[in-house]
Each structure stands twice: as C-alpha cells, then as structure tokens.
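The values are calculated or read from the model by the stated rules, or taken from the named source; none is laboratory data. Just so you know, these numbers come straight off a predicted model, no measurement behind them. Quick reminder, even Gly has a Cβ in these numbers, built from the backbone with ideal geometry, and neighbours come from all protein chains shown. Note: areas computed on protein heavy atoms with side chains; ligands, DNA, RNA excluded. Shrake-Rupley method; radii C 1.70, N 1.55, O 1.52, S 1.80 Å.
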Amino acid sequence: MLARVADRVYWMARYLERAESIARVTNTFSHLMMDLPIGTELTWRTLLEIFEADKDFRKQEIAYGEISTLEYMIARPENMSSIFYSVKAARENARTTRDVLPEEVWESVNELYVYSKEFAHKSIDRRNRFNFLTNIVKRCHALNGLLMTSQIRDHTYRFIKLGHLLERIDITTRVVGTVYSAVESRDVKNRAFDSLIWAGLLESLSAIGNYRRSIGPMAEPHAAINFVFLQGRLPRSLVFCFSGIRKSLTCLNGHEKVIEPIDEALVMLDSFNAEKMSPKMMKIFVQDLQICAERLSLGATSMWFSSSSS
Amino acid sequence: MHSSEYEGVVLGFGDEIINPLWKDYYSDNFFDEMIASDGMPRNASKGLYDFFNSIDEKEMQDRRTAGELAIREMGVSFTVYSADSNTDRDWPFDVIPRTIEGSEWDPVSESLKQRSRALNEFIHDVYNEQRIFSDGIIPSEIVLKSPNFKSACLGMSPPFRAWAHICGTDLVRDTDGEFYVLEDNLRVPSGVAYMLENREVTKRILPELFEHYDIRPVDDYPLQLYKMLASLSPRKNPKPTIVVLTPGIFNSAYFEHAFLAHSMGAELVEGGDLFVDDHNIVFKRTIDGAVRVDVVYRRIDDDFIDPEVFRPDSMVGVPGIMRAWRDNNVAIANAPGSGVADDKVIYSFVPEMIRYYLDEEPTLASVETYLCMNEADRIYVLNNIERLVVKPANESGGQGVLIGPHSNREEKEKCKESIAKQPRNYIAQPTLSLSTAPTYVDGKINPRHLDLRPFILHGRDIWVTPGGLTRVALKRGSLVVNSSQGGGSKDTWIVELKE
C-alpha cells in the first residue's frame, strides 16, 4: 500500500469523525445552554475551548456570543475545527483514494460535502441548527456503517480504524478536560443543576443510555468521567479506543515502536479513578493522555505515512 | 426542408412508412456509417437500424436516460477546466453505436501496425544514427529544432526499439468512405477508458442487440496493456512492479488514470510517491518502506517528468527518473522523447518513413498537408485559408485549430498573421468531409460528424484495439469532436458478418 494513500485514508477517517463529533457536541452544548438556569450556565467560550478554536476566534476579534460561536464552529471555512472544514477535508482525502475504498464511500462523502456546503451557513440560528447537526451525525453514521459492512479487512481498513479511533480519543479527552475545568472554575453557588452538564457530557459521547443502565439515573462527575474513560465496551471510551488501535495495528510491519504510547496510556488508565483526583491532578492526567495520543499519531506518520527514502 | 431537393443519403426510399424519430434523416454528400447511398442500412448496421426504427420516441428517451444513469452510477466523468473551478462532468454518450464490418476493419488494423513500426523506427533513428537526415528523406532542422525533440534521449535504445508504446491514432472517413489518418498521438494519448466504459454502458442499455450481433470484445485492453508494459520490464521477474504515474486529481484525464490502474491491478501513483536513489533505481514509498518499480506508465508530459532534466519547476515529476531510465533500471512508457514523431509537420513525412524504414508502401492514406514553412505551400495557404483547416504543429486536444469554412474574417486574419510570424508552427489541410452517423440529438435521430481513435500497443508485439473510441460532434454541421469542446462519444462495434 502506498504511504500517501495510507495517509489520506487515515485523514479521511479522522475528519469524518471530527465532523460528527463537532456536530454532536455542539448540539448537546446548545441544548444545555437552553436548559440551564441563567447564572448557572457555562459560557459559549467553553465550546470553542473544547475544539481548541478559542485562540483563532479571539485573533479575529469576534465577540463571544451564541451566533458568532456557532457560525464559527459550523460554517466557517477557514476554521480548521469547523464542521464545514472537516467535511471538506474528508472529501478531498476520499477523492484521491477512491480506488481502495468501496465505491459508495466516495459518493456518500461527496453528498455529505454538497449538503454541508449548501446548508452549513443557513443553519446557525436555533431554528435550523438542530436539523442540520442531526443530519451531519446521521450521514456520518451511514458512512461508518458502509465502511464497517463493505470495506475489506486490509491495511486500508486498519488505517481508517486508526484515524477514527484516534480522533475519538482526542475528542473524549478534550470534552472531559475542558468541561471539567469549566465546571470547577465557575463561581457558582447553586450546583443543583450540574448533573445536567454531566448528563450532557455523557450524551455528547453517546454514553448516556449505557451510563444510566449500568451506574444509575443521576449523572455524577466522577462516575461519568470514569465511565467514558474506562468502560472498555463503550465505543467512545479511552480504553476501548486505545485497545482497538493496538489490536488493529499489530498486523502492520513496524508496529512495535508505534504502539508504545498506547501501552503507556493503558497502564495509566488502569490505575485511574476520578474520585481520587484533585482538579489539578485531573488536568495533568488528561494532558498526559493527550500527549500519548499525539505521540501515537506522530509515530504512525513517521513509520507508515512518510515512508523513509531508504 | 424537403430532403428530396438534395442529393445524397435520404431515408425512406419508396413508400416505406418513416418512423418520426428518423424523419428527414439526411446526410448530404457525406459518407454515412449506417445508411448507404441507396438509403438502405449497410450490412453491419442492418440489425441496429431495424432496432432503432422499431422503437418510438418514448423508448428512445428511456434508453438514453438509462445510459445517462449508468454513466453516473459508474462514475464516468471528465474534468472541464474553467476560469474559477474545475468541474467533473458526466461523460457525454450517444446511445446509437457506430458499426464497422470486421472485414473492412482488418486491413485498417494491419495498416496501423505498419504505421507504428515506421514511427518507432523513426524515433529510434532520430535519437541514434539519424540516417533519415543523412539520406535526405527529412530535413534535419525540422526535427532537431522541434520542442518535442529531447536531446536527453540521444543514444538511448529501449527494449524492442519501441518508444511510442501506446499510440492513439485519429482516423476519419472522407466522402468515398476511405479511412485517412488525421494525426498520431504519441505523447500521452487519452480516451481508452471511455472506449471501455462506452461498451459497458451499451451492454446495459441495449442488451438485446448483443444476442444477434457478433461484436468483437474490447474489454481485454487492460490485460493487453499490462502484458505490453510487463514486456518492457528491465528485471526479468515474472511479476514486475508496474505503476501508473498521474499528475493528480486536477488533470482532465484523472478518471482514466485511476481506471486503468485499477483495471490492471497496478498502483496509481503521484510524483511524490516515487523517488530515485543514488544507484539510479526507482522506488515507490509504501507503508512497508521502499519497493522497487520496474515499469512506469506515465501520464505526464516529457517536460514535467523529471525536474533534474526538463522543467525544474515541475511539481508532478520524479527527480532522477531520467537517470534511472538511461541506466535501463526502469522502463517508461511512452519513452521520453517519443513526442518527436507527434508533430503535424512530421506527420506529412510518415508515408516516406514507411517506404524508407520498412520498404513497404503505406496502406493507410494520409491527408494532404501543406507545410507553412515551405514558401510555395505558405502562399497557397494564405490565399486559400477559407477552404483549409489550419493547425498548430504541436498542440493537442483541438487547441488553436482554425476551420476555414467555419470561421469569421477576424479569426482568419489573426491566423494569417500567426502563420507569417512562425511558419514552422503551422500546417494546413483541406477541409475533410468527415463521415456521419445517426445520433440522437434534440429528440430526433440526426446525422453527426465523427472520427475514430484506435489505440496501438507496441512492446514485444503490436496490438490494435478492435475499433477504438468514436467521438462525435453533437452540434449540427460541426467538425469538432473533442469532449472538452462539446463532443460526445459512441460505442464502436467491429461486427463479424455471418457467411
């Protein structure tokens, strides 16, 4: 398999996952902002912080607000963390790798792009937003289903899986890290509504139903974090994603070095318990996990995607 | 218009009831591929004519819609360049196939092989002994000063003395029905994927016709291409590594590059996927490290193939690939420098080449050509421009062509100025009366002009596609068949007739 083709299918998968995650998180976040009583809510800035879009947003001297934030996260073509940008990038990568993917993949990615191009900028206000975000999530689901049911289990599939799961690790750690510190740092007396925020977090990571069934109806911060980090059967949990990548990469030449950070992360997670963590420790822990993910990404790039010249 | 006022092909001889689809089908004095001058279908077209005469407008429309759908589903597209964006368009396809009798095609096929042998001998000679100059057959300056002559290829001797491994030769038929060569495309000829896809589409939308017709298959082209490319491999391993080198997604023929790679089971690579090491070996970058490449089927022009040797600003080429080729560590198809024979001035010397190198008489006619570099010819061209087709010697895709009878005064004046400035760059030919074939346009079947591009593969053996890509000018009276300029295409049937 050509290194370039491997690189492109990997990025296609990452961008597709990113588009879906942004849509999912943005949707939950916007519902949360409507539900929380005035004075107990988070700020719109938190949404930007989750996707590390805050700095660029401020550089452009845009005022924080619902519409400006959502326009930036949904439709802004130059924002590398917007839905539209992610969809476009996924399409560019799929376009030149059509021959290693099932035929319908290109068609569906292209349709997703055409849809986003037409509707993203019309879907900022509250009335159209929900519909658009839900549609993005559904279309991404359909694409994932297509890949899962028709992609031959070859190296292409393994790199798709790598991109897909690595992006999930990225999103899950960011959502937890940002929301946790945003909640902690608020100067709010009334914490009666915090469980809504934690339920929202679980919802944005497709974990709320499973959480209620296995833990209970009330979303508690520590239990929620433990759940999305450690529940190995939950497809967005860190343990699930790290182990999934590990399993998938072992078929590839040169995987031994690449998977080192995975093993480190799994060891860290093995002794993790949110209840025993101070907010400061939590912050450092999440950062360490993100560093593992970053090292994994760099390792894969230098091992397979750039293919040395000798 | 009452067709009976004119001579030529008129359908509905006698008291036959005419299907409204065919009403006024009239092909002037042109040779019509389907209908003979007596108004009756030619032998190879009889079944086809009966079929399209038996259906009504609705069914015709249905078949056409089915064809368009098939093309979209199969993802057959080509890229149209425009000022602000490049768009993929569906391939324009006409549902009515074009037929040629097998016995009529075979001599043409043989003649194309003859031509390919002579052209390859010529290229080899130009880069080696240059006998054809010293023997005074072709003046050396017109070859050596051509931008397609590449001195970096001097002294090279590729396997089987084959340089132009893939050649797309454009043929037309004049009023007498005889085939003429219009030009030889020896650089990176395109269109063969569309030939294959046209057949696929036709099989889907006219399946019943294949029951009674004996039509030569075209779908082993990718296999023949693979065999030809494999025969060039410098390493004699049973499964050489073959790649298709594309300039990328923005090239108008990207669809074809991907299609051919896919159907040969070869990898589609971009310049950045390949590199050449210090021992002048070509490698591709894979997830398992570097893998040696034996044969590069390149779809990039000479000028861009190696920035070390040709244009240094090329972003799509492979630095060092010429070193590897010169050391015979990799085969490049078509060989660099092959374009030297793809020039409309050189074209006029091909009959001489056939006599000179092969000691044979050319069996395929060429179109009479006036070389503007010769004073007598130039004067003739300037005085008769309204009757001639003027072509730049080095362009492809119909770029810069002036069709005298179809151009206005201003265009003609501009063209004359260009000729006076750079006579070597222009040739002129009489306006040919291209043959026509029934084509479904504007809700009716009308005659439209067409040409034919067969593909010749030249490695250890020479192989010619049965038929080729038929391109048709969809505009009434138009002679421009290029897809980038509003042309369409037809499936081409070489038909075996039963005794």
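In table form, for the structure just shown:
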{"quantity": "The stretch A:1-147: translational diffusion in µm²/s, Stokes-Einstein, Kirkwood Rh over Cα pairs, 37 °C, 0.692 mPa s", "calculated": "208"}
{"quantity": "Per-residue ³J(HN,Hα) for the stretch B:310-320, Karplus 6.51 cos²θ - 1.76 cosθ + 1.60, θ = phi - 60°, Hz, x for Gly and Pro", "calculated": "9, 5, x, 8, 5, 9, 9, x, 10, x, x"}
{"quantity": "Rounded to 5, the percent of DSSP beta bridges in the protein assembly as shown classed as antiparallel", "calculated": "75"}
{"quantity": "Restricting the stretch A:202-255 to trypsin sites (Lys or Arg not before Pro) in coil, as DSSP defines it, with at most 15 other Cβ within 10 Å", "calculated": "A:ARG233"}
{"quantity": "Ranking by accessible area, most exposed first, for B:ILE321, A:ILE67, A:ILE208 with a 1.4 Å probe", "calculated": "A:ILE67, A:ILE208, B:ILE321"}
{"quantity": "Value of relative contact order over chain A, rounded to a whole percent, pairs C-alpha under 8 Å and six or more apart", "calculated": "23"}
{"quantity": "Coil-residue GluC sites (Glu not before Pro) of the stretch A:1-110, DSSP, other Cβ within 10 Å capped at 10", "calculated": "A:GLU61, A:GLU78"}
{"quantity": "Globularity index of chain A, i.e. its alpha-carbon radius of gyration over 2.2 N^0.38 Å", "calculated": "0.99"}
{"quantity": "Rounded Å value of the spacing that divides the Cα centres of the stretch B:14-74 and the stretch A:243-310", "calculated": "66"}
{"quantity": "Debye intensity ratio in log₁₀ form over the Cα atoms of the stretch A:100-172, taken at each q of 0.13, 0.16 Å⁻¹", "calculated": "-0.48, -0.69"}
{"quantity": "DSSP-defined beta bridges in chain B - what % are antiparallel, rounded to 5", "calculated": "75"}
{"quantity": "P(r) of the stretch A:181-310 over all Cα-Cα pairs, binned every 5 Å from zero, in whole percent", "calculated": "2, 9, 17, 19, 17, 13, 9, 6, 4, 2, 1, 0, 0"}
{"quantity": "Length-normalised contact order for chain B - Cα pairs under 8 Å, 6+ apart - percent", "calculated": "22"}
{"quantity": "Angle in degrees between helix B:409-421 and the longest Cα principal axis of chain B, rounded to the nearest 10", "calculated": "30"}
{"quantity": "Net charge, A:ARG295 excluded, C-beta distance under 11 Å - Lys, Arg +1, Asp, Glu -1", "calculated": "-3"}
{"quantity": "Å³ per residue enclosed by the Cα convex hull of chain B", "calculated": "170"}
{"quantity": "Reach of B:LYS203 by Cα under 24 Å, taken over lysines that are not fewer than 8 positions away in the same chain", "calculated": "B:LYS46, B:LYS58, B:LYS444, B:LYS490, B:LYS498"}
{"quantity": "Probe 1.4 Å, all protein chains present, accessible-area order of B:GLU208, A:GLU118, largest first", "calculated": "A:GLU118, B:GLU208"}
{"quantity": "Unit charges on C-beta of K, R, D, E only; dipole of the stretch B:409-499, Debye", "calculated": "340"}
{"quantity": "The stretch B:368-430 - convex hull of alpha carbons, volume per residue in Å³", "calculated": "73"}
{"quantity": "Positive minus negative residues near B:VAL481 (Lys, Arg vs Asp, Glu; Cβ under 11 Å)", "calculated": "+3"}
{"quantity": "Theoretical ellipticity at 222 nm over chain B - DSSP helices of four or more residues, -39500 (n - 2.57) apiece, nearest 500", "calculated": "-8000 deg cm²/dmol"}
{"quantity": "Only Lys, Arg (+1) and Asp, Glu (-1) charged, at Cβ; the stretch B:368-430 dipole about Cα centre in debye", "calculated": "60"}
{"quantity": "Equivalent ellipsoid semi-axes - Cα gyration tensor, the protein assembly as shown, angstrom", "calculated": "61, 32, 24"}
{"quantity": "Relative contact order of the stretch B:368-430, pairs being alpha-carbon contacts under 8 Å that are 6 or more residues apart, as %", "calculated": "50"}
{"quantity": "C-alpha center-to-center spacing [the stretch B:428-480, the stretch B:107-166] in angstrom", "calculated": "27"}
{"quantity": "222 nm mean residue ellipticity, helices alone, for chain A (DSSP H n ≥ 4; -39,500 (n - 2.57); rounded to 500)", "calculated": "-23000 deg cm²/dmol"}
{"quantity": "Loop sites in the stretch B:224-310: chymotrypsin sites (Phe, Trp or Tyr not before Pro), DSSP, at most 15 other Cβ within 10 Å", "calculated": "B:PHE250"}
{"quantity": "Sequence-distant aspartates and glutamates (8 or more away, or on other chains) whose Cα lies within less than 17 Å of B:LYS475", "calculated": "B:ASP24, B:ASP28, B:ASP32, B:ASP94, B:ASP442, B:ASP451"}
{"quantity": "Hits among lysines - C-alpha to C-alpha of A:LYS138 under 18 Å, sequence gap 8 or more where chains match", "calculated": "A:LYS88, A:LYS117"}
{"quantity": "4 °C / 1.567 mPa s Stokes-Einstein diffusion coefficient of the stretch B:85-202, Kirkwood radius on C-alpha pairs, µm²/s", "calculated": "74"}
{"quantity": "Shape metrics for the stretch B:239-329, restricted to C-alpha atoms - Rg then Dmax, Å", "calculated": "12.4, 34"}
{"quantity": "The protein assembly as shown, dipole about Cα centre (Lys/Arg Cβ +1, Asp/Glu Cβ -1), debye to the nearest 20", "calculated": "3320"}
{"quantity": "All-pairs Cα distance distribution in the stretch B:359-499, expressed in whole percent, bin size 5 Å", "calculated": "2, 9, 14, 17, 16, 15, 12, 8, 4, 1, 1, 0"}
{"quantity": "Cα lying deepest toward the dipole's positive end in the stretch A:72-113, options A:LEU112, A:ILE74, A:VAL100, charges on Cβ", "calculated": "A:ILE74"}
{"quantity": "Charge dipole of the protein assembly as shown about the Cα centre (unit charges at C-beta), most positive-ward option of B:GLY102, A:SER214, B:PHE255", "calculated": "A:SER214"}
{"quantity": "Charge dipole of the protein assembly as shown about the Cα centre (unit charges at C-beta), most positive-ward option of A:VAL175, B:THR439, A:MET277", "calculated": "A:MET277"}
